[in-house]
Amino acid sequence: MLAQTVLTGSAARGGLRLAGALMLGLALAGVALPPAPALARGVPESFADLAAQVSNAVVNITTSTTVAASAQGGPDIPPGSPFEDFFRDFMDRQGRGDQAPRRSEALGSGFVISEDGYLVTNNHVIENADEIEIEFFSGNRLKAKVVGTDPKTDIALLKVESDQPLAFVAFGNSDLMRVGDWVMAMGNPLGQGFSVSAGIVSARNRELSGTYDDYIQTDAAINRGNSGGPLFNMDGQVIGVNTAILSPNGGSIGIGFSMASNVVTKVVDQLKQFGETRRGWLGVRIQDVTPDVAEALGLDQAAGALVTDVPDGPAKDAGVLAGDVILSFDGAEVADTRELVRRVGDAEVGKATRLVVLRDGQTQTLSITLGRREEAEGEAIPAVAQPEEPAERDLLGMTVTPLTAKAAEALQIPAETEGLVVMAVDPASEAYEKGLREGDVITEAGQQQVTSVTDLEARISEAREAGRKSLLLLVRRGGDPRFVALGVAQD
């Protein structure tokens with residue numbers, strides 16, 4: 001065995017020249033040489049050049065929202081207190097019975113993608129904002145308007161008007177990123193202004209709970225305020241949009257998630273063209289093919305998507321039946337339900353597409369004309385009788401009830417906020433372990449808005465039907481959002 005020695009400086013250069021001469025001599029003598037090993041990119045000496053290259057295209061985002069006037073001022077007196085009338089009369093005499101509306105600000109990050117002023121950020125950064133101000137690295141500030149948003153991927157497209165062409169960055173191919181590749185994040189963490197952090201790709205194709213999730217996991221430090229900022233490869237291309245972290249304390253512990261650029265670019269193109277997303281829709285309920293199901297169906301491998309229900313829609317019109325296994329979509333094999341949903345969503349609405357299904361041990365090819373998912377999800381739902389009092393339910397270890405304007409005021413969050421307020425948390429539950437507490441407000445589940453207990457129950461059922469182990473909740477505490485993933489195993 002040959003001894004291996006680590007050389008540095010001039011010794012290393014001399015060793016390399018000696019090794020080169022030796023290899024050349026062996027080659028000339030006709031001695032067969034082993035193939036040269038693949039060279040990995042070394043540790044960067046510095047990220048300074050990369051940071052300087054892209055910093056002018058990265059922006060800080062400040063949003064402001066009008067918070068409704070408070071109906072009460074002064075001390076918080078319990079209802080029924082003997083001092084209640086006294087303090088009410090006193091406040092009225094002082095003319096402070098009502099407080100004026102106030103402004104609430106939030107911070108985030110983003111980046112410019114074209115010289116004419118299009119910018120990308122997270123939807124949750126600008127959601128419900130009355131005003132959006134963009135601060136550039138130079139210190140210049142411009143007002144921005146919303147072009148379009150996509151809550152399902154948490155992406156928003158903004159536009160600013162500038163007299164001068166703006167510095168911008170290009171998207172890279174996120175599918176080329178490998179676990180272990182160097183990446184650099186830039187943004188506005190904790191409102192501290194322009195900041196750079198670096199790390200590696202820790203994992204690929206992470207799914208939190210959204211239908212179209214394709215996250216790059218990184219250990220580059222991402223904190224509150226980094227949301228919407230870019231994740232760069234070493235060529236200065238954006239390969240992800242920093243969106244979420246997993247953390248027991250709200251700060252970075254090296255587990256951050258960036259929505260992959262190959263998902264973002266499709267969303268941005270549609271928002272730019274239509275101001276909204278237009279995703280393909282099959283109209284089926286599906287689940288993954290497990291090994292035991294594959295064996296029962298005579299499949300060689302557990303692959304494809306098993307159809308569990310076919311409501312009215314494109315699939316039903318095309319002849320798809322419950323019990324069919326979708327093996328191929330638009331000429332490409334289907335590995336699982338997640339892949340099918342994403343590829344259908346990326347397909348053109350109204351496109352006639354070939355669908356290969358397994359039925360009764362035989363494959364059949366069907367032609368299906370895709371509908372539009374947004375229209376299907378937006379169809380009117382028959383009215384049902386609603387209880388006079390808000391429903392309260394125990395779900396995922398929490399007692400939740402719809403948020404009222406009065407509760408929003410007490411929690412010091414915008415009056416127009418919609419969601420479910422957490423009334424209690426079981427100390428033995430996963431929700432408690434992950435930091436959820438009484439007074440937290442759940443505004444999204446599975447990256448869809450929830451305004452009623454029924455909405456949350458539906459998201460939990462959908463996650464279970466899709467075979468997911470967890471459901472991603474967007475939780476606000478005092479107006480600050482964070483994502484929390486909770487298990488949705490059957491009770």
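Each value in this text was obtained by applying a stated rule to the coordinates, not by laboratory testing. All of these numbers come straight from a predicted model, not from anything done at the bench. Here the Cβ positions follow ideal geometry from the backbone for every residue, glycine too, while neighbour counts run over all protein chains shown.
If you place +1 on the Cβ of every Lys and Arg and -1 on the Cβ of every Asp and Glu, how big does the dipole about the Cα centre of segment 174-274 come out, in debye to the nearest 20? Can you show the working numbers first?
Numbers: 6 positive and 8 negative charges, 34 e Å.
The calculated dipole for segment 174-274 is roughly 160 debye.
Fewest to most neighbouring Cβ within 10 Å: what's the order for K143, K266?
On the way: K143 10, K266 19.
Exposure proxy ranking, most exposed first: K143, K266.
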**Cβ-based charge dipole, segment 280-373, positive-most Cα from L327, A352, T363** = A352
**Request:** Among A445, P414, L471, flag the residue with its Cα farthest along the positive direction of the charge dipole of segment 393-487, charges on Cβ as +1 for Lys/Arg and -1 for Asp/Glu.
**Result:** L471
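If you stretched the chain out fully between S429 and E295, how much longer would it get, using 0.36 nm times the residue separation minus the C-alpha to C-alpha distance?
Extra length available between S429 and E295 comes to 44.6 nm.
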**Request:** At q = 0.12, 0.13, 0.19 Å⁻¹, work out log10 I(q)/I(0) for segment 174-274 with the Debye formula, treating every Cα as an identical point scatterer and leaving solvent out; two decimals please.
**Result:** -0.35, -0.41, -0.87
**Request:** Place a +1 charge on the Cβ of each Lys and Arg in segment 280-373 and a -1 charge on the Cβ of each Asp and Glu, then give the dipole magnitude about the Cα centre in debye, rounded to the nearest 20.
**Result:** 440 debye
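Would you work out the charge dipole size for segment 393-487 about its Cα centre, treating the Cβ of every Lys and Arg as +1 and the Cβ of every Asp and Glu as -1, and quote it to the nearest 20 debye?
Details: 11 positive and 15 negative charges, 39 e Å.
It works out to roughly 180 debye.
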**Request:** Can you pull the one-decimal nm distance between simple spin-label points at K143 and E392, each 7 Å off the Cα toward Cβ?
**Result:** 4.5 nm
**Amide H within-cut-off set for N223, under 5 Å, with H built and near neighbours excluded** = none
**Prompt:** Over 27 Å between Cα atoms, which of K145/K266; K143/K351; K152/K434; K152/K406; K152/K316; K272/K406 qualify?
**Reply:** K143/K351; K152/K406; K272/K406
**Pairwise label distance in nanometres, S367 with R343, each label 7 Å out on the Cα-Cβ vector** = 2.0 nm
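Taking only the C-alpha atoms, wrap a convex hull around segment 393-487 and report its volume per residue in Å³ as a whole number.
Working: hull volume 7.6 nm³, N = 95.
Dividing the Cα hull volume of segment 393-487 by its residue count gives 80 Å³.
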**Asked** Distance in nm between label sites at D312 and T404, each 7 Å beyond Cα in the beta-carbon direction?
**Response** 3.8 nm
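Kirkwood hydrodynamic radius for segment 256-335: how many Å is it when counted over pairs of different Cα atoms? Show your work: numbers first, answer last.
Details: mean 1/r = 0.0669 Å⁻¹.
Hydrodynamic radius (Kirkwood, Cα only) of segment 256-335 equals 14.9 Å.
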